[in-house]
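Asker: The structure that follows is given in the form of structure tokens.
The values are calculated or read from the model by the stated rules, or taken from the named source; none is laboratory data. Predicted model, so just to flag it, every value in this text is computed and none were measured. Backbone-built Cβ (ideal geometry, glycine too); neighbour counts: all protein chains shown.
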Amino acid sequence: MTYFSECQLLDLDPDQGTTVHLTTGAVNWAVEVCQEHIDTDHQWFCFLRAMAIRGLQQWLDQGAEALPLDYSRETPPNPGVNCQVKGFRLCLVVQGSLSDGLISIPRYTLKDPLNFAHLYVLAEVQEEADQVKILAGLRRDRLVSLKESGNLALSRKGHYHVPLEDWDLSPEDLLLYLHCLNPDKLETGHSENSVPARCLCPQPTLNVRDWLRDQLDTVAQRFHWTLLPPLALSHQLMSVQTPAEELETLLRDLERQGVTIPETARGAYQELHHQGLPGRLYALTWKVFDSHYSPEWSLFLCLGPRPGESLAPGTELIVQDETSVLVRQGLNEDSGEAYLYTQVIGNFEEQFTVSIISGEGTPLTLPPFTFHT
């Protein structure tokens, strides 16, 4: 690779070590920021990631030309993209057991088109000695190449297992990249799974306003939507919940979190196995009236598993309008969540396209939701 001329003269310290000893303040921060994790295992791995981030920060600070590391000081670091340097999104991976020579990388750090990692940094945390060692790095385009060549194993939990020998960037290479390379150079190939493309030719739409009239249009029937009864305050729950009872249970849970769905809302659900995907999709709609604005409509979506099943990590729910992606939510194994929720609001002329990507990467785009009179 050829670098810019100013980088050929960059004063990188050849003796800059790769092991740093954390300050007491750094260790205390790592302990405090991860206290909210009740689960012992998650709290421990969060603590190791937090120590690794502070170690990376100290390592970048000690060079001849310090590099600023941006990360959240108030929230615990997640296992995906957890820090940035000069526009580079980094996925800092803490070295686990190397007995099998494989490093685990969350799949969503590769496929998310809006928040993928440019570089992966592997660090070893020696917590008893309060030390962090920067081991190696991996470029995004290198990881994409490994995936496309079939050389990566994907776990059921949505992680790629990358052999240690494929981490081909030395710590010195990482410094040079962060000082000199433009992040755009690593965006070639785009995401592993971009948003499923919408057909530019005319396509049928699903008119959810019919639901308020207790009707399903022909498109809804063709795509196996089932109309739900009006929302009720309670049902006598059976040993096996009906879809309507499951939805009401979910809505009660959401109400405790401050999310309220009006009783005038009407909804339907779709068993996604008809479309070749696991799971069940609920959709609710209602009119939104406000004297300050023209009448609008709301679409509430809930993607979850069928009874006795679970959605795979990496499953995504995406909502687009005519011009852009409005919402992109994904399940990751550390969240503990079983459902994906979202809500969008538009005027009566607007329509929303909903796409789902399974944990295995299979995409599905549904007919656009509309609210026509």
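Asker: Taking segment 320-344, which residues are touching a Ser or Thr at 6+ places or on another chain (Cβ under 8 Å) and surrounded by fewer than 20 Cβ atoms within 10 Å (Cβ to Cβ)?
Answerer: Answer for segment 320-344, where residues must be touching a Ser or Thr at 6+ places or on another chain (Cβ under 8 Å) and surrounded by fewer than 20 Cβ atoms within 10 Å (Cβ to Cβ): Asp321, Val327, Gln329, Ala338, Gln343, Val344.
Asker: Still on this structure: Take the conditions surrounded by fewer than 21 Cβ atoms within 10 Å (Cβ to Cβ), within 17 Å of Leu227 (Cα to Cα) and touching a helix residue (DSSP H, G or I) at 6+ places or on another chain (Cβ under 9 Å) and apply them to Thr264. Does it pass?
Answerer: When the stated conditions are applied, Thr264 passes them.
Asker: Considering segment 111-140 alone, what residues qualify as being of a type in the set (Asp, Glu) and exposed (fewer than 14 other Cβ atoms within 10 Å of the Cβ)?
Answerer: Within segment 111-140, Glu128 is the sole residue that qualifies.
Asker: Residues Gln58, Gln35, Gln43: which one is outside the structural domain of Ile357 (by TED's automatic domain parsing) and either at pLDDT below 70 or in contact with a strand residue (DSSP E or B) (Cβ under 9 Å, 6 or more places away or on another chain) (or both)?
Answerer: Exactly one residue qualifies, and that residue is Gln58.
Let's see how each residue does on (1) of a type in the set (Val, Ile, Thr); (2) part of a strand (DSSP E or B):
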| position | (1), (2) |
| --- | --- |
| Cys302 | no, yes |
| Asn332 | no, no |
| Val344 | yes, yes |
| Glu349 | no, no |
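Asker: When you check Phe300 against the structure, is it buried (at least 18 other Cβ atoms within 10 Å of the Cβ), among the hydrophobic types (A, V, I, L, M, F, W, C) and out of contact with any Phe, Trp or Tyr (no Cβ under 6 Å at 6 or more places or on another chain), yes or no?
Answerer: yes
Asker: Then there's this: Do we have Leu303 as under 30 Å from Pro77 (Cα atoms) and under 14 Å from the mean Cα position of the chain (by Cα) here?
Answerer: no
Asker: Under 9 Å between Cβ atoms, at least 6 apart or on separate chains: pull out the pairs that start in segment 47-76 with a residue that is closer than 14 Å to Val94 by Cβ and end on any residue that is of a type in the set (D, E, K, R) and part of a loop (DSSP other than H, G, I, E, B).
Answerer: Met51/Asp130; Pro76/Glu36
Asker: Here is a follow-up. All but one of (1) within 16 Å of Gly158 (Cβ to Cβ); (2) modelled with pLDDT of 85 or more hold for Asp334; which doesn't?
Answerer: (2)
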